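Working notes, beginning with the structure itself.
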Amino acid sequence: PVPPGSEVVEIDPVRWVNTERSTYAYLLGLYLGDGYVGTHDKTHSLVIACDLRYTEILGEVVAAVSTFSPRSPSILRPKGTNGVRVTSYWKAWPLFFPQHGPGSKLDRKIELVDWQIEIVDEFPKAFLRGLIHSDGSRCLNTFTMNLKDGPKEYSYPRYFFTNYSNDIQEIFCRTCDQLGIRWSRSNWRNISISHRTSVALLDEFVGPKL
């Protein structure tokens, strides 16, 4: 007999149906933005950091993890913070995220493998949604112009994607290019999207955090 917990676990993304592939694209975005895979004695953990204020996003994260995990994830909240961690223990998680490795994602090269690229190219909107839900924001940029009849205040929405990894930034920007979304680099860690048409496109499938 095979000892409990020692069964061989494999994944076959080619056999996933479209809803699973779309959900994985979203989950991959969450992982690259603000997630990690932890290593334990006999298993691994997938941890996705969330903000308790955004209850709808939290529900989406739990649903995405549950799509692949054999058991429901737990939600852990450190005392005195609005942060929560959606945590799922399963030995197969490194197979879902080949980018897994010791230490921070900042300390190693982050590249998508072929089957991940295929899924992201199929479902770029779901992928960007995951990246922005985990490591992005939508805000109003407000400024004042002095006109002949006095100062007038203007506001327009913009998106930011904030990540310290150049590799992950490049993956984000590549996906924006695929969708025709114009982006600019505000500084070394922030990608900004403020062009009206591009913001309107992101609003169709991302929108404000809720």
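I need the trypsin sites (Lys or Arg not before Pro) found in the range 102-210, filtered to DSSP loop residues with at most 13 other beta carbons within 10 Å of theirs.
On the way: sites: Lys105, Arg108, Lys109, Lys125, Arg129, Arg138, Lys148, Lys152, Arg158, Arg174, Arg182, Arg185, Arg189, Arg196, Lys209; in loops: Arg108, Lys109, Lys148, Arg182, Arg189, Lys209.
Counting only loop positions with at most 13 other Cβ atoms within 10 Å, the trypsin sites (Lys or Arg not before Pro) in the range 102-210 are Lys109, Lys148.
Dimensions of the range 4-61 from C-alpha coordinates, computed as largest minus smallest value along each principal axis and given longest first, are 39, 31, 19 Å.
Per 10 Å bin, what is the whole-percent P(r) computed from every C-alpha pair distance within the range 70-137? Spelled out bin by bin, the range 70-137 gives 16, 35, 42, 7, 0 percent.
With respect to the chain, whose longest principal axis is taken over its alpha-carbon atoms, helix 18-34 is tilted by about 70°. Each Lys or Arg adds one and each Asp or Glu subtracts one; over the other residues with Cβ under 9 Å from the Cβ of Ile132, this totals +2. On the chain, 52 percent of the accessible area sits on carbon and sulfur atoms, based on a 1.4 Å probe. Helix 196-205 and the long axis of the chain differ in direction by around 30°, with both axes built from C-alpha atoms. Remark: C-alpha extents of the range 25-115 on the principal axes read 34, 28, 28 Å, sorted largest to smallest.
In whole percents, the pair-distance distribution calculated for the chain from its alpha-carbon pairs, binned every 10 Å from zero, is 8, 32, 34, 16, 6, 3, 1, 0, 0. For the chain, the longest principal axis of the C-alpha atoms and the axis of helix 166-179 are separated by about 70°. Here the sum of -39500 (n - 2.57) over DSSP H runs of 4 or more residues, divided by the residues of the chain, equals -11500 deg cm²/dmol at 222 nm, to the nearest 500. The residues of the range 43-169 present an accessible area of 53 Å² per residue when probed at 1.4 Å with all protein chains retained.
Using C-alpha pairs below 8 Å separated by at least 6 residues, the relative contact order for the range 83-210 is 22 percent.
The values are calculated or read from the model by the stated rules, or taken from the named source; none is laboratory data. This one's a predicted model, so the numbers in the text were calculated from it and none came from an experiment. Cβ sites come from the backbone with ideal geometry, for glycine too, and all protein chains shown count toward neighbours. Heads up: the accessible areas ignore ligands, DNA and RNA and are worked out on the full protein's heavy atoms, side chains in. Shrake-Rupley method; radii C 1.70, N 1.55, O 1.52, S 1.80 Å.
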